[in-house]
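Following: one structure in structure tokens, then a few remarks.
The values are calculated or read from the model by the stated rules, or taken from the named source; none is laboratory data. Here the structure is a predicted model, which is why all the values come from computation and not from measurement. Cβ sites come from the backbone with ideal geometry, for glycine too, and all protein chains shown count toward neighbours.
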């Protein structure tokens, strides 16, 4: 199972590499405006956000739904060939791809977390980073038309579909976290935590959707921009391999540190868009702002809630979905109207994320102290 899970992550994040590194640049080459690119790339995350609520209302996260998501992902990747020249057609294709991808990953994440310890998760997940980096290094050499980018997208979605189907068959049962489990996730009660996690992903909107355009417009070559992407992913891979020791520590403290480090990262991009030393330093922080943050977040939610499958679905849907939607949408308009301040806006959003996670941790500390006081003074709970 470890090999097939590693292969899945490799192929799945190769799709993401094509999608977020090259497709925005392709659309820019085809004449789409920054705001149109922002809207198109906001569609997938919006669907990702809405889907978890369908599971709350009765849709089952099981093998049948998983296989349907695989088919939707494949059909959508094919539809890109026919829709790339039309705004609304491309929008629909992105919605379909978002539907497929947003169901597949959380399903496999639960299987991964149930199959091995959280300390070992990173050593499997790092193959996703390798897939991301390899497709970036290969495609940059051959990207001369939209057709080539779409060919790579179809290739990796097809291979991912095959491997994902094998995983569903090999698991033989649906993830245990979904079986007959009462929903114990209260978004309103835990709003500080979820808002912090979501704002973190909002801050990534300019990076995921406009980093390539931003740097090439500042005179950095496309080749060097890809090397920057690659360097960040190498840092991510190293962190994923060695993060086991960190994940045995206070997960909330890790979330506070990584969100604050992300604010520093975006501030460096704002101050030094043409300074290669500072650009590589900012990409080095990807080890914290993506790799360690992601692993700490999914591990924390896995142990915080009993309904583990739905917790991962909400994490994918709300943080990467709603956060990605808002991030892509606002980044498009900011870059069109105030391009100089694109990553300054990201800096403030990441600082807010760190602040809300801090508030959540303070709330837990107060709750623990109150509980301890109640146990010491039984009369305090009498009525």
Only one of 224, 239 is surrounded by fewer than 18 Cβ atoms within 10 Å (Cβ to Cβ), within 16 Å of residue 282 (Cα to Cα) and modelled with pLDDT of 90 or more; which?
224
Name the residues in the stretch 79-94 that are surrounded by 17 or more Cβ atoms within 10 Å (Cβ to Cβ), part of a helix (DSSP H, G or I) and touching a residue at least 40 places away in the same chain (Cβ under 8 Å), would you?
80, 90, 91, 94
Residues being touching a residue at least 40 places away in the same chain (Cβ under 8 Å), surrounded by fewer than 17 Cβ atoms within 10 Å (Cβ to Cβ) and not in a helix (DSSP H, G or I) - total across the stretch 24-60:
3
Conditions (1) touching a helix residue (DSSP H, G or I) at 6+ places or on another chain (Cβ under 6 Å); (2) not in a helix (DSSP H, G or I); number of the one not met by residue 21:
(2)
Quick check on residue 177: is it in a helix (DSSP H, G or I) and at pLDDT below 90?
yes
Can you name the residue in the stretch 330-347 that is in a helix (DSSP H, G or I) and free of Cβ contacts under 8 Å to residues at least 24 places away in the same chain and is also farthest from residue 42 (Cα to Cα) among such residues?
340
Restricting to the stretch 198-256, and then to whatever is under 17 Å from residue 354 (Cβ atoms) and in a loop (DSSP other than H, G, I, E, B), can you tell me which residue is nearest to the chain's Cα centre (by Cα)?
204
Going by the structure shown, is residue 264 over 18 Å from the mean Cα position of the chain (by Cα), in a helix (DSSP H, G or I), in contact (Cβ under 8 Å) with a residue 12 or more places away in the chain and within 30 Å of residue 363 (Cα to Cα)?
yes
Residue satisfying all of: in the stretch 114-123; farther than 16 Å from residue 170 by Cβ and at pLDDT 75 or above; surrounded by the fewest Cβ atoms within 10 Å (Cβ to Cβ) among these
123
Among the residues of the stretch 124-160, which ones are assigned to a helix (DSSP H, G or I), at pLDDT below 80 and buried (at least 17 other Cβ atoms within 10 Å of the Cβ)?
136, 139, 140, 146
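Quick grid of which residues meet (1) closer than 16 Å to residue 293 by Cβ; (2) at pLDDT below 70; (3) in contact with a strand residue (DSSP E or B) (Cβ under 7 Å, 6 or more places away or on another chain); (4) surrounded by 10 or more Cβ atoms within 10 Å (Cβ to Cβ):
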| position | (1), (2), (3), (4) |
| --- | --- |
| 345 | no, no, no, yes |
| 349 | yes, no, no, yes |
| 352 | yes, no, no, yes |
| 355 | yes, no, no, yes |
| 359 | no, no, no, yes |
| 362 | no, no, no, yes |
| 374 | no, yes, no, yes |
| 382 | no, yes, no, no |
Meets criteria (in contact with a helix residue (DSSP H, G or I) (Cβ under 9 Å, 6 or more places away or on another chain) and within 26 Å of residue 46 (Cα to Cα)) for residue 243:
no
